1. Return the only residue of ARG127, ARG89 being within 19 Å of GLN153 (Cα to Cα), of a type outside the set (Ser, Thr, Tyr) and exposed (fewer than 14 other Cβ atoms within 10 Å of the Cβ).
2. Could you please tell me which pairs satisfy a Cβ distance under 9 Å, a separation of 6+ or placement on different chains, a first residue in the stretch 25-43 that is without any contact (Cβ under 8 Å) to a residue 12 or more places away in the chain, and a second residue that is polar (S, T, N, Q)?
3. Take GLY182 and decide whether it is in contact with a Lys or Arg (Cβ under 9 Å, 6 or more places away or on another chain), at pLDDT 95 or above and more than 28 Å from THR84 (Cα to Cα).
4. With the condition being among the basic types (Lys, Arg) and touching a strand residue (DSSP E or B) at 6+ places or on another chain (Cβ under 7 Å), I'd like the strands (runs of 3 or more DSSP E) fully within the stretch 92-172 carrying at least 1 qualifying residues.
5. Are any residues in the stretch 32-43 touching a Ser or Thr at 6+ places or on another chain (Cβ under 8 Å) and part of a loop (DSSP other than H, G, I, E, B), and if so, which ones?
6. So which of SER142, SER157, SER137, SER164 is surrounded by 18 or more Cβ atoms within 10 Å (Cβ to Cβ), modelled with pLDDT of 95 or more and over 17 Å from the mean Cα position of the chain (by Cα)?
7. From (1) over 29 Å from LEU201 (Cα atoms); (2) β-branched (Val, Ile, Thr); (3) surrounded by fewer than 21 Cβ atoms within 10 Å (Cβ to Cβ), pick out the condition that doesn't hold for VAL118.
8. It is to be established whether one or more residues within the stretch 133-144 are under 15 Å from ARG8 (Cα atoms) and without any contact (Cβ under 8 Å) to a residue 60 or more places away in the chain.
Amino acid sequence: MRPSRPFRFVCHGRPTLNIAIRLGWLPGARYTNLRDIRGFDHIGLIDVNWREYDFKKHLSAVKATLPVVTIARDVERIEDLERTLDQARELALWSRHVVVVPKDIRFAVEMDRIPDNVIIGYSVPTRYGGTPIPVSSFVGRSVHLLGGRPDVQHRLSRVLKVFSFDGNRFTVDAAYGDYFDGRGFVPHRRGGYYECIRSSLRSINRLWSHNHRRST
């Protein structure tokens, strides 16, 4: 079942998470760093350490936090899909939803190998990387957007069924006194790191609220 508006997750330090929660976002963290989400009643996202993945540690973190969403290990080789799906089924015993992230370009024409009831992760392209698989291959599937600029994430909702998304790009720009105004990053009139974060989150919320009104 899709939410009326996509779930919104942010993984960051506790002060930022407290601001985000007040604005309707849910807190998240990598399974290797649960310190910042201790004490919160509802955990939104448990992300992975994809460079040095450890399924046992991941599963232990999910059992301890019972998140709304967790990300399964990236499928970098299509031959590894069944292993990832097996792990996703075990993670699903403790997480409401599990996201499978295809990375092999062969998924461009073989996305149907991932079961329809599985949420697919799309790595939003940035200057640091992104998925080589074309957006068209994700059309018609429930998708979690992984990172990227908030304006790019929202544009993707014109063609994709966005179930949820995560991001903290706005925390980087806040360090320079900039915030996201709904179209791009601009200098904040008053400035201040957390004021920039608060303003960015409000702008992102407005974008997706407009998106929801158009679809109802």
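The values are calculated or read from the model by the stated rules, or taken from the named source; none is laboratory data. As the structure is a computational prediction, the values presented were derived from the model and not from experiment. Glycine gets a Cβ as well: all are built from the backbone with ideal geometry, and neighbour counts include every protein chain shown.
1. Every option except ARG127 fails the conditions.
2. So the pair list comes out as ASN33/ASN49.
3. yes
4. 161-166
5. Within the stretch 32-43, LEU34, ILE43 qualify.
6. Going through SER142, SER157, SER137, SER164 in turn, just one is surrounded by 18 or more Cβ atoms within 10 Å (Cβ to Cβ), modelled with pLDDT of 95 or more and over 17 Å from the mean Cα position of the chain (by Cα): SER137.
7. (1)
8. yes
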